[in-house]
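Visitor: Mind having a look at this structure? Questions to follow.
The values are calculated or read from the model by the stated rules, or taken from the named source; none is laboratory data. If you're wondering where the values come from, they're calculated on a predicted model, not measured in any experiment. Because the Cβ atoms are built from the backbone with ideal geometry, glycine has one as well, and the counts that use them run over all protein chains shown. Areas reflect the complete protein model, heavy atoms only, side chains present, ligands, DNA and RNA absent. Shrake-Rupley method; radii C 1.70, N 1.55, O 1.52, S 1.80 Å.
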Amino acid sequence: MTRNAAVAAIAFLVTTSSLAFAAETSTTVGAAQPSAADLKSLTDMRVGIVRAALQLTPDQEKYWPAIEDAIRARAKNRQARLERIAELQENGPMEALGGSNPVEMMQRRADRLIQRGTDLKKLSDAWEPLYKTLSDDQKRRMAFVSFAVMRGVRNAIEQRGGPDDEDE
């Protein structure tokens with residue numbers, strides 16, 4: 001029964017990962033952005049799906065809080081970036097440039113990339129001790145869930161026609 005639940009959870013993730021990133025695509029320009037509550041709910045679902053898919057043992061559970069914290073911190077920072085993008089779309093690109101010069105724009109871009117890298121590093125550091133304890137079955141499920149999420153990211157990028165979500 002738990003295997004069926006894990007398969008159902010993974011199937012749900014696969015189908016919703018593309019939907020989650022659809023909110024950021026160019027086809028939704030002018031449409032309402034997801035609310036903070038919607039994004040929090042999505043993060044809650046993703047955390048639950050990953051946890052259910054892994055079927056952690058009691059010994060492995062001790063590693064989960066650090067992973068969940070890293071996932072939530074990364075999602076919070078992503079939400080802030082999405083809000084900034086929505087703000088820029090509302091104000092228009094010329095107003096967004098304002099008094100900025102190209103060097104300042106590059107510096108802000110670099111700072112955002114550093115933040116994204118820091119978030120990802122924290123997440124990978126949090127996963128490392130748990131990953132070492134996973135069974136081969138759990139590793140396969142984790143790989144599948146990771147693949148589903150990355151496919152969703154790739155699909156969103158392809159739909160946008162751009163290199164990533166940070167080019168404000």
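Visitor: List the residue pairs whose Cβ atoms are under 8 Å apart, where the first residue sits in segment 112-123 and is more than 9 Å from Ala70 (Cβ to Cβ), the second is among the acidic types (Asp, Glu), and the two are 6 or more positions apart or on different chains.
Guide: Listed pairs, sorted by first residue: Arg112/Glu166; Leu113/Glu166; Arg116/Glu166.
Visitor: Further, regarding this structure: Determine whether Leu56 is farther than 26 Å from Gln115 by Cβ, modelled with pLDDT of 60 or more and surrounded by 15 or more Cβ atoms within 10 Å (Cβ to Cβ).
Guide: Spelling it out, Leu56 is indeed farther than 26 Å from Gln115 by Cβ, modelled with pLDDT of 60 or more and surrounded by 15 or more Cβ atoms within 10 Å (Cβ to Cβ).
Visitor: Given the criteria over 16 Å from the mean Cα position of the chain (by Cα), modelled with pLDDT under 95 and either in a helix (DSSP H, G or I) or loosely packed, with under 15 Cβ neighbours inside 10 Å (or both), does Arg116 qualify?
Guide: Numbers: over 16 Å from the mean Cα position of the chain (by Cα): no; modelled with pLDDT under 95: yes; either in a helix (DSSP H, G or I) or loosely packed, with under 15 Cβ neighbours inside 10 Å (or both): yes.
Criteria not met by Arg116.
Visitor: Quick check: anything in segment 37-45 modelled with pLDDT under 55, among the hydroxyl-bearing types (Ser, Thr, Tyr) and either open to solvent by less than 30 Å² (accessible area, probe 1.4 Å) or more than 17 Å from Asp137 (Cβ to Cβ) (or both)?
Guide: There is no residue in segment 37-45 that is modelled with pLDDT under 55, among the hydroxyl-bearing types (Ser, Thr, Tyr) and either open to solvent by less than 30 Å² (accessible area, probe 1.4 Å) or more than 17 Å from Asp137 (Cβ to Cβ) (or both).
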